Number of protein chains: 2
Amino acid sequence: MPTQIDVRTPSAAYTVEIGAGLLANLSERIAALHATPRAKLFVITSPVIWSQWSDRFLASFGDHQPILLQVLSGEQYKRMSTLESLAEQLAQNGADRDSILIAFGGGVIGDLVGFLAAIYMRGIRYVQVPTTALAQIDSSVGGKTGANLAAGKNLIGAFHHPLAVFADIDTLATLPARELRAGLQEAIKAGIIRDHELFSYMEDNAAAILSGNKDALTRVISESVRMKANVVAEDERENGVRMLLNLGHTLGHAIEAATDYNQLLHGEAIAWGILAATAIAQKRGLLTESQVERIDNVLRAYGPLEPFSADAHVLVALTAKDKKNRSGARSYVLPVGIGDATVVRDVSEAELLETTQNLLAGMNATLAEANA
Amino acid sequence: MPTQIDVRTPSAAYTVEIGAGLLANLSERIAALHATPRAKLFVITSPVIWSQWSDRFLASFGDHQPILLQVLSGEQYKRMSTLESLAEQLAQNGADRDSILIAFGGGVIGDLVGFLAAIYMRGIRYVQVPTTALAQIDSSVGGKTGANLAAGKNLIGAFHHPLAVFADIDTLATLPARELRAGLQEAIKAGIIRDHELFSYMEDNAAAILSGNKDALTRVISESVRMKANVVAEDERENGVRMLLNLGHTLGHAIEAATDYNQLLHGEAIAWGILAATAIAQKRGLLTESQVERIDNVLRAYGPLEPFSADAHVLVALTAKDKKNRSGARSYVLPVGIGDATVVRDVSEAELLETTQNLLAGMNATLAEANA
């Protein structure tokens, strides 16, 4: 039986199902969500995912086959030009307000399709069928959708919840090992912020989780989603506690932007960002040495933390564009324990610069050592 | 004293002020709306409007001047590429979640800026300062924002209400006569749908209204907005009665698309669309001959109904993309009296084609007569 987690917010209520074999009855699962049997269905996916999973995806649809639209995945394609092209294709294929989009893929596909559903005819329905660890653990839940600007990641978007999320653990089997590891960094983040037990489980079971054990993966993904569902229920629009979910994302987004989104995977950039936040928290006396060590060790256990090349000043400058900033003041999420975090607004440019420089120095020393 | 009309919906509550001289204290009016005194303000406008009204617009802002962004107005610029360019400029100028956009211009500017505010950082605040009859009467109120696709007008967008609307009647003085007349067709529409008294007032006072008499204009605009506010309060998301506001828009949008948005003004296309809806209603026995005549006469009094060139089959095919269609069925708004309208779902392609052919034949006959 798959795990079911309910997400309840002021504007939406839906269920996230997590488990193996969900694709086998996807058609029935979707049909059970709505009362518009003649609604056109569109599946939007990437060529890579589709080549691996189309047979299993389509098997249950019988004579009500969804219309297929494909986009390239990768942050560089998460742009308004892609959205516009998809919207034109929806219109050409007769999509109307009753139509339902199915986002079948990783975080980029989920964010794009959710945003497309938010703006096509001012809002239509969609279903998330995430296929990556990142998307199953984090991005498919909570209604945040978006696209990138040249000026920064996810600077445009909308809050638009799916009708449901179906996370089929089986699809992780075809995920490259590096992507699985990077996605799991978001589960570590969930543990650090609010779930000490999840964090400990990930510390103790890294081998099983990383080898793709389905029970272990289902547990990690389910607990991450449960944590997120609770946070989103409390604060749908990110005016308070939801900001904690951005742990590691301020510097993480800056690293992604500075490296043109092509050196690191999202989860890898976030892991570096969590290390930076941890260092700031340690320096401020908010974390004990042993807590810092545990965070550091678990991030590296699910690594390796891939190196990248970027200038510390550029990274700090990029954080000035962070969406959490208000009226010019920088907001920063800091861990204050294992399972606890807080938002501060007084991280100075100098403090952030020093931390970033130390982070880069440590990375480069490790790199030199490895090459020696 | 300006007229104040409250708009109350499940998701927003705001006031529309209509009258002369509002720009003189715009800064104070906007400051009264929010509690973020350090919020950056951005005014987004067109070069034409700005060249005429920048002095009066800026006079009240003192040392908290808004940052100016300019876009060309015209339906051909109401595209995602314009939105993306504006969003990049917002980011470059440090716009954050506290920032407030001011849409200063006609319907295109209002729709674009509202949509931009809806998606920038997943939603920031904005104020409407409409400068055209069309925008003051109709498009600045109700929270519908959007942009065009190649496949059709307003096919992408969002529901996002402004903090307030300030309609300064003075700005209509620099509006070309043709635009004033076209905008007033939307007030006629408001009268036909739900306000017999407004319709009669427009029948009886065409000369004063068209000559720019401020009291007469304030009355027509205020009554149109009041009607729309009531409808939007009842049905914010256009699941029911709000659909009536689309009287004339099914064929109207098709005419605009078929003529590449460059032959007719929006209100002119809508007037043709209302004539078509009236003809269908008459043929179905839903309107008396004298009602048809009154509608026809008042539309022409605020005309002339500019001719256009388009093929009837193309127009009918374009209506298949109308946003009101559900699961493939065409929805159509028909007048059923002066001050009353209804939505039907059984207008056949043949019925619409015949009506459109008659409309074009009548237009061409008038044109031939004028050229004889």
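Each value in this text was obtained by applying a stated rule to the coordinates, not by laboratory testing. Because the structure is predicted, anything quoted here is derived from the model rather than measured. Glycine also receives a Cβ, built like all others from the backbone with ideal geometry; neighbour counts cover every protein chain displayed.
Taking other C-beta atoms within 10 Å as the exposure proxy, A:PHE57, B:PHE61 rank B:PHE61, A:PHE57 from fewest upward.
Summing Lys and Arg as +1 and Asp and Glu as -1 over all other residues whose Cβ lies under 10 Å from the Cβ of A:ALA24 gives a net charge of -1. Charge tally around A:LYS40: other residues with Cβ under 9 Å, Lys/Arg +1 each, Asp/Glu -1 each, net -1. Footprinting exposure proxy ranking of B:THR288, B:THR319, fewest other C-beta atoms within 10 angstrom first, gives B:THR288, B:THR319. Nearest 10 degrees, 0 to 90: what angle lies between the long axis of helix B:47-58 and the longest principal axis of chain B (Cα atoms)? For B:47-58 against chain B, the angle is about 50 degrees. With axes computed from alpha carbons, what is the tilt in degrees of helix A:214-234 against the longest principal axis of chain A, rounded to the nearest 10 within 0 to 90? Tilt relative to chain A: about 90 degrees. For segment B:3-174, what does the alpha-carbon gyration tensor say about shape, rounded, prolate or oblate, given a ≥ b ≥ c as the root eigenvalues, a/c under 1.5 as rounded, and a/b over b/c as prolate? Taking the square roots of the gyration eigenvalues as a ≥ b ≥ c, segment B:3-174 is rounded. In this simple spin-label model, placing a label point 7 Å from the Cα along the Cα-to-Cβ direction at both B:ALA177 and B:SER85 gives a separation of 3.3 nm.
When chain B is treated as a Gaussian network with alpha carbon springs shorter than 10 Å, the biggest mean-square fluctuation among B:ILE274, B:ILE255, B:ILE338 belongs to B:ILE338.
Using C-alpha pairs below 8 Å separated by at least 6 residues, the relative contact order for segment B:3-174 is 26 percent.
Cross-link partners for B:LYS40 among the aspartates and glutamates, with Cα-Cα distance under 16 Å and sequence neighbours closer than 8 places in the same chain left out: A:ASP322, B:GLU28, B:ASP63, B:GLU88, B:ASP96, B:ASP98. Most simply put, the protein assembly as shown has about 50% antiparallel DSSP beta bridges, counting only bridges with both residues inside it. In nanometers and ordered shortest first, the copy-to-copy spacing of the B:GLN65 label point, defined 7 Å from Cα toward Cβ, is 6.2. How would you classify segment B:177-371 from its alpha-carbon gyration tensor, with a ≥ b ≥ c the square roots of the eigenvalues: rounded for a/c under 1.5, else prolate if a/b is greater than b/c, otherwise oblate? Oblate shape, in that a/c is at least 1.5 and b/c is the bigger or equal ratio. Take a quick pass over segment B:177-371 and tell me how many lysine pairs come in under 21 angstrom between Cα atoms, counting only ones 8 or more apart or on separate chains. Step by step, the pairs that qualify in segment B:177-371 add up to 8. Which angle between 0 and 90 degrees, to the nearest 10, do you get for helix B:249-258 versus the longest principal axis of chain B when only C-alpha atoms count? The two axes meet at around 80 degrees.
The value of relative contact order for segment B:1-66, using C-alpha pairs under 8 Å at least six residues apart, is 29 percent. Placing a label point 7 Å from Cα along the Cα-to-Cβ direction at A:ASN213 gives distances to the equivalent points in the other copies of 8.5 nm, listed shortest first.
Using Cα springs under 10 Å in a Gaussian network model of chain A, which residue among A:VAL232, A:VAL129, A:VAL314 shows the largest mean-square fluctuation? Highest fluctuation among the options: A:VAL314.
Of all chain B residues, the closest to the B-onto-A rotation axis by Cβ, with that distance in whole Å, is B:MET80, 2. Charges were assigned to the Cβ only: +1 to each Lys and Arg, -1 to each Asp and Glu. The resulting dipole of segment A:3-174 about its Cα centre is roughly 380 debye.
Working note: 222 nm ellipticity from helices only, DSSP H runs with n ≥ 4, each -39,500 (n - 2.57), summed and divided by the residues of chain B, gives -14500 deg cm²/dmol to the nearest 500. Remark: mean inter-chain Cβ contacts per residue of A:93-103 equal 3, using a 10 Å Cβ-Cβ cutoff to other protein chain atoms. Computed from point charges on the beta carbon alone (+1 for Lys and Arg, -1 for Asp and Glu), the dipole magnitude for segment B:177-371 about its Cα centre is near 420 Debye.
Here the spin labels are modelled as points 7 Å beyond Cα on the Cα-Cβ line, and at B:ASN93 and A:GLU289 they lie 5.2 nm apart. For chain A, the relative contact order works out to 15 percent when only alpha carbon pairs closer than 8 Å and six or more residues apart are counted.
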